[in-house]
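Please read the structure below before turning to the comments.
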2 protein chains.
Amino acid sequence: MHLPARVGDYTDFYVGIHHATNIGKLLRPTPLLPNYKWIPIGYHGRASSIRVSGVPVVRPVGQQRLPDTVEPLVAPTDRLDLELELGVWVGGGNALGSPIPISDAHTHIAGLTLLNDWSARDVQAWEYQPLGPFLAKNFHTTISPWIVTAEALEPFRVPQAPRPDGDPRPLPYLWDANDQARGAFAIELEVAMTSAAMRDQGMEPLRLSLSDARAMYWTAAQMVAHHTVNGCNLMAGDLLGTGTISTACPSGLGSLMEITAGGMEPITLPTGEQRTFLLDGDEILISGTARAEGFAPIGFGSCRATIVSHA
Amino acid sequence: MHLPARVGDYTDFYVGIHHATNIGKLLRPTPLLPNYKWIPIGYHGRASSIRVSGVPVVRPVGQQRLPDTVEPLVAPTDRLDLELELGVWVGGGNALGSPIPISDAHTHIAGLTLLNDWSARDVQAWEYQPLGPFLAKNFHTTISPWIVTAEALEPFRVPQAPRPDGDPRPLPYLWDANDQARGAFAIELEVAMTSAAMRDQGMEPLRLSLSDARAMYWTAAQMVAHHTVNGCNLMAGDLLGTGTISTACPSGLGSLMEITAGGMEPITLPTGEQRTFLLDGDEILISGTARAEGFAPIGFGSCRATIVSHA
């Protein structure tokens, strides 16, 4: 299996509102920043380190600063996390200076893929101000090996979930009635893991999360319209990550940061091993299934990788 | 003239310490964050919108929130700025998972170029938390049309400026005696502008800044070593921006944000026109000259572009 396309530019969004809220609670008194409900928050990621399912992930080394210390140290991350995401493939771009209107945005989406945005939380905490995550993320991104096309996903389009009372209506450049009516996708997303010991003992993967693409606060079309409102040119082969998709349920959390409450509440594996973050030999398996009454479900293929030591 | 290479990934650093300090003063009581003197701070930028000198810059539209308001508006930026930078071309990459040691980092640098990281300050202020600048930057980046090769720059290598007393020594993965002895470049950098009225009247460009590449707190080799310490793979054709290079002098500031004190102190053009940020028809010209006793100076070619209306 190979990457389905050579990725030009890779952008990662942050449209999983439950994830953003859960992470925000670990960081500040008001979890969501004032811009969150107005802007599909996104930032640029690294295209060169995107790898297809199955390629092992080398545990990254990086600067970290331990609590109550002044000087950072350089060491392999102790807080290696996964992030459950969808990837949106851009199938047709726009000229520099020419925004894509929200009404046309869906025609620029070639299809979807599964995406694991591996994250080193200790590196991230120390480096990310003021310009955002960098080495905490760009060491590896895993995607599933094929594109489930927009055409194939037609039967699985569903209305965008209504916003809670009091949330602002999207600004006109992000609002389209058709997109609101059909811009979300009924896709179940699952994260599971095995440890090396579990595999040695022939155990099945342990499910960590059962999430749902309907938990996105912004649609894929809104991501495209926002990305280009300033004239930024998308190109065929660009990849847009959704950001971590968590549901509102404790069983639907898309990262270990959330599942273990920032590393405070370990999970227990069937072997009796405990985990807060990932150890060498752990394998993460992300799967996705589009479901709709009267249609055969569509799978997304495998998005899996094993953590290997940095040395 | 064309781009000298197809840019794979584009990363922008923030190694101009005077710029970081000047911007920090506008934002917070302690201008430099605690990580600044430990980490060559960087983030990913947009490769697709990099254009060669001469291509007009379309004024971007974006979300902005005016002071003392709750709801953002969507409008062409009123605070369009330039950023004086050097671009570092990567000439040879590394395999994913294999960091480039600081001692080898200079061999991965193909050469340098001039770079203008156009910035919409009002968009930036509203969007950049928590994941960094995005639409405020990715609408256009202008570079000069050729690469001044590392070989050609050999005579212009100079010692990295000693750090002020009390600053930490770079961590071992960022410290190399040869890099400290020869890792900086004696390159004068100039920013000048004309308005449409100035050009109509045949006036010469007005110099806005005379800066110097020696004002970088981290060397280009340190940028390369840091970028890859986590195993991130650089590729031939990647471009690394230095971030805005300002000197410690009021005459050496690399952005209008600094020159006009955040828009509070307008500059006056020879026509009597005033500017805080750029208006349509303004042209920004960046030039660079490597100088060393006993060697012919080397120019970097032109890095210029004119602002045009978004409509």
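Those residues that are in contact (Cβ under 8 Å) with a residue 60 or more places away in the chain, part of a helix (DSSP H, G or I) and either among the basic types (Lys, Arg) or in contact with an Asp or Glu (Cβ under 9 Å, 6 or more places away or on another chain) (or both), I need them from segment A:11-35; list them, please. A:His18, A:His19, A:Asn22, A:Ile23, A:Leu26, listed by residue number.
Among the residues of segment B:231-279, those that are closer than 30 Å to A:Trp118 by Cα, out of contact with any helix residue (DSSP H, G or I) (no Cβ under 7 Å at 6 or more places or on another chain) and of a type outside the set (D, E, K, R) comprise B:Gly231, B:Cys232, B:Asn233, B:Met235, B:Ala236, B:Gly237, B:Leu239, B:Gly241, B:Thr242. Note on segment A:1-27: residues that are over 16 Å from A:Ser255 (Cα atoms) and open to solvent by 60 Å² or more (accessible area, probe 1.4 Å) total 4.
Quick one: is A:Arg169 outside any strand (DSSP E or B) and among the charged types (D, E, K, R)? In short, yes.
Selection of segment B:235-261 for residues being within 13 Å of chain A (Cβ to nearest Cβ) and either in contact with a Ser or Thr (Cβ under 6 Å, 6 or more places away or on another chain) or buried (at least 24 other Cβ atoms within 10 Å of the Cβ) (or both) yields B:Met235, B:Asp238, B:Leu239, B:Leu240, B:Gly241, B:Gly243, B:Thr244.
Among the listed residues B:Thr149, B:Thr228, identify the single one that is more than 14 Å from chain A (Cβ to nearest Cβ) and of a type outside the set (Phe, Trp, Tyr). Spell out how you get there, then give the answer.
Working: B:Thr228 fails: more than 14 Å from chain A (Cβ to nearest Cβ).
Matching residue, one of B:Thr149, B:Thr228: B:Thr149.
Annotation for segment A:284-291: no member residue is open to solvent by less than 30 Å² (accessible area, probe 1.4 Å) and in a loop (DSSP other than H, G, I, E, B). Within the span defined as segment A:121-139, every residue fails to be more than 14 Å from A:Gly241 (Cα to Cα), polar (S, T, N, Q), in contact (Cβ under 8 Å) with a residue 24 or more places away in the chain and surrounded by fewer than 24 Cβ atoms within 10 Å (Cβ to Cβ). When you look at B:Thr228, is it hydroxyl-bearing (Ser, Thr, Tyr) and farther than 30 Å from B:Gly272 by Cβ, yes or no? The answer is yes for B:Thr228. Against the condition open to solvent by 20 Å² or more (accessible area, probe 1.4 Å) and either touching a strand residue (DSSP E or B) at 6+ places or on another chain (Cβ under 9 Å) or within 13 Å of chain B (Cβ to nearest Cβ) (or both), how does A:Ala213 come out, does it pass? The answer is no for A:Ala213. When segment B:50-61 is filtered for residues that are assigned to a loop (DSSP other than H, G, I, E, B) and either open to solvent by 30 Å² or more (accessible area, probe 1.4 Å) or facing chain A (nearest Cβ under 7 Å) (or both), the ones remaining, listed by number, are B:Gly54, B:Val55, B:Pro56, B:Pro60. The one condition from (1) touching a residue at least 40 places away in the same chain (Cβ under 8 Å); (2) of a type outside the set (A, V, I, L, M, F, W, C); (3) surrounded by fewer than 23 Cβ atoms within 10 Å (Cβ to Cβ); (4) more than 30 Å from A:Arg65 (Cα to Cα) that B:Asp200 does not meet is (1).
In the set B:Val229, B:Val224, only one residue is over 17 Å from B:His18 (Cβ atoms), β-branched (Val, Ile, Thr) and more than 22 Å from the chain's Cα centre (by Cα); that residue is B:Val229. For segment A:234-256, residues that are touching a residue at least 12 places away in the same chain (Cβ under 8 Å), hydrophobic (A, V, I, L, M, F, W, C) and in a loop (DSSP other than H, G, I, E, B) total 6.
A quick yes/no check of all residues on (1) under 23 Å from B:Leu82 (Cα atoms); (2) away from every other protein chain (no Cβ under 14 Å); (3) more than 20 Å from the chain's Cα centre (by Cα):
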| residue | (1), (2), (3) |
| --- | --- |
| B:Ala110 | no, yes, no |
| B:Asn116 | yes, yes, no |
| B:Leu135 | yes, no, no |
| B:Phe139 | yes, no, no |
| B:Thr142 | yes, no, no |
| B:Pro145 | yes, yes, no |
| B:Arg163 | no, yes, yes |
| B:Val191 | yes, yes, no |
| B:Ser195 | yes, yes, yes |
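Might you check whether a residue that is without any contact (Cβ under 8 Å) to a residue 24 or more places away in the chain, surrounded by fewer than 24 Cβ atoms within 10 Å (Cβ to Cβ) and touching an Asp or Glu at 6+ places or on another chain (Cβ under 6 Å) occurs anywhere in segment B:36-49? Checking segment B:36-49: at least one residue is without any contact (Cβ under 8 Å) to a residue 24 or more places away in the chain, surrounded by fewer than 24 Cβ atoms within 10 Å (Cβ to Cβ) and touching an Asp or Glu at 6+ places or on another chain (Cβ under 6 Å).
Going by the conditions given, is B:Gly281 at pLDDT 95 or above and not in a loop (DSSP other than H, G, I, E, B)?
Judged against the criteria, B:Gly281 is not a match.
Scan segment B:74-110 for residues that are at pLDDT 95 or above, open to solvent by less than 30 Å² (accessible area, probe 1.4 Å) and not in a strand (DSSP E or B) and jot them down. Passing the criteria: B:Thr77, B:Leu82, B:Glu83, B:Asn94, B:Gly97, B:Ile100, B:Ile102, B:Ala105. Among the residues of segment B:223-234, write down those that are buried (at least 24 other Cβ atoms within 10 Å of the Cβ) and of a type in the set (Gly, Ala, Ser). Correct list: B:Ala225 only. The lone criterion from (1) touching a Leu at 6+ places or on another chain (Cβ under 9 Å); (2) without any contact (Cβ under 8 Å) to a residue 24 or more places away in the chain left unmet by A:Ala181 is number (1).
A:Thr149 meets the conditions (1) more than 16 Å from the chain's Cα centre (by Cα); (2) in contact (Cβ under 8 Å) with a residue 40 or more places away in the chain in every case but one. The failed one is (2). With respect to being in contact with a Phe, Trp or Tyr (Cβ under 9 Å, 6 or more places away or on another chain), within 20 Å of B:Val158 (Cα to Cα) and surrounded by fewer than 22 Cβ atoms within 10 Å (Cβ to Cβ), B:Ala220 falls outside the description.
What's the total number of residues in segment A:36-47 that are within 21 Å of B:Glu71 (Cβ to Cβ) and either in a loop (DSSP other than H, G, I, E, B) or not small (Gly, Ala, Ser) (or both)? Talk me through it step by step, then tell me what you get.
Filtering segment A:36-47 for residues within 21 Å of B:Glu71 (Cβ to Cβ) gives A:36-42.
Still in the running and either in a loop (DSSP other than H, G, I, E, B) or not small (Gly, Ala, Ser) (or both): A:36-41.
The qualifying residues number 6.
The values are calculated or read from the model by the stated rules, or taken from the named source; none is laboratory data. A quick note: this is a predicted structure, and the numbers were derived from the prediction, not measured. All Cβ positions, glycine included, derive from the backbone under ideal geometry; neighbour counts span all protein chains shown. Side chains are part of the model used for accessible areas, which takes the heavy atoms of the whole protein and leaves out ligands, DNA and RNA. Shrake-Rupley method; radii C 1.70, N 1.55, O 1.52, S 1.80 Å.
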